[in-house]
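Worksheet: the structure to be examined is printed underneath.
The values are calculated or read from the model by the stated rules, or taken from the named source; none is laboratory data. Treat the numbers as computed from the prediction; the structure is a model and nothing was measured. Don't worry about glycine lacking a Cβ; one is built from the backbone with ideal geometry, like all the others, and counts go over all protein chains shown.
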Amino acid sequence: MISDYYGSPPPDLSGFARTADPSFTGQARVPAGTAGAPALAINGDPDTGLFAPGADTLALSTGGAERARVDAAGNLVVGGLSSIQPGTAPTYRAGALQVRSAGAGMNIERYTSAGSSPPALYLAKSNNVTPGWHGAVSDGTITGEIQFHGSDGAKFLATAAIRSAVDGAPGTDDMPGRLLFLTTMDGGTMPTERMRISANGTVTMGATPGGESLRVTPVAAAVNTLEAAGAVSGAAPTLSVQGANADIDLKLSPKGAGHVRFGQYTAAGGLSLAGYVEIKDAGGVVRRLAIVN
């Protein structure tokens, strides 16, 4: 059968049984239809089915309302009438899967008695341009990113991001990685790195990692400042060291001609203490401080 028939009223094929192999050449054409009257509708439910809202676009409607569409670029848009438009490049991109609605959300649920089998979201990167084929990544390659955006009234701008990248030279069964946390400063439009967890476990905040387990570099408005606050009223902030050894020193290392200071300090007059410093043993007995030249 070769036919381009379509007209009004639309033909209803639901009552016809197949009497022979219904093979044919050519196309079975239907009108584009609308969300309320889709071109291919369910028998007894004429406002649910498939229709074409535009060239090279296919949409699904239920109850006379569009629910999802595949656009000309191959994007699957759920809940919206068109593909998401990007904001400030390159932070906001139109993804291949988009969920748009007043109550947009996405659930990943897994039902199993195995405690080691949680629901998971996988982000993977290959340096091969052919989908489905492997190509080894290299040091610094970004392997995944979660971005957060807000509208300024005209476009979406990034507020923060969580990024994963290769952290070292990868190899067979060897893939070192780092995790970065980025935020956008007031007046900015692009997130910048604020904290990093490197492949060796080093946590760095605000600076390029060194050899420290924890490195804190303040912003320009808070020069050379590190604060610790008590959790409850009357509880003093505590600085302690932990490790495998029974005895571990606590080392305070000033830079250059800097001092280890207690209490208040006046540079012009030297060291000036407000209050006093006590040195006690484990039994609480006050001991002396001796300076041997």
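Out of segment 152-168, which residues are surrounded by fewer than 18 Cβ atoms within 10 Å (Cβ to Cβ), out of contact with any Phe, Trp or Tyr (no Cβ under 9 Å at 6 or more places or on another chain) and either among the charged types (D, E, K, R) or touching a residue at least 60 places away in the same chain (Cβ under 8 Å) (or both)? Scanning segment 152-168 gives a single hit, D152.
Could you check how many residues of segment 94-122 are loosely packed, with under 10 Cβ neighbours inside 10 Å and assigned to a loop (DSSP other than H, G, I, E, B)?
18
For segment 123-151, the candidate set comprises residues that are under 30 Å from G171 (Cα atoms) and polar (S, T, N, Q); within that set, the residue that is surrounded by the fewest Cβ atoms within 10 Å (Cβ to Cβ) is T130. Looking at L180, is it in contact with a Lys or Arg (Cβ under 9 Å, 6 or more places away or on another chain), over 20 Å from A96 (Cβ atoms) and either among the basic types (K, R) or assigned by TED's automatic domain parsing to the domain that holds M205 (or both)? Answer is yes for this residue.
Quick check, is A59 in a loop (DSSP other than H, G, I, E, B), closer than 30 Å to Q98 by Cβ and either modelled with pLDDT under 85 or not assigned by TED's automatic domain parsing to the domain that holds S151 (or both)? In short, no.
For segment 169-184, the set of residues classified as within 14 Å of the chain's Cα centre (by Cα), more than 19 Å from L157 (Cβ to Cβ) and either charged (D, E, K, R) or surrounded by fewer than 16 Cβ atoms within 10 Å (Cβ to Cβ) (or both) consists of R178 only. Whether any residue in segment 89-101 is more than 21 Å from K155 (Cβ to Cβ), modelled with pLDDT of 70 or more, out of contact with any strand residue (DSSP E or B) (no Cβ under 7 Å at 6 or more places or on another chain) and not assigned by TED's automatic domain parsing to the domain that holds T159 is what I want to check. No, that holds for no residue. Once segment 185-203 is narrowed to residues that are of a type in the set (A, V, I, L, M, F, W, C) and part of a strand (DSSP E or B), the residue that is surrounded by the most Cβ atoms within 10 Å (Cβ to Cβ) is I197.
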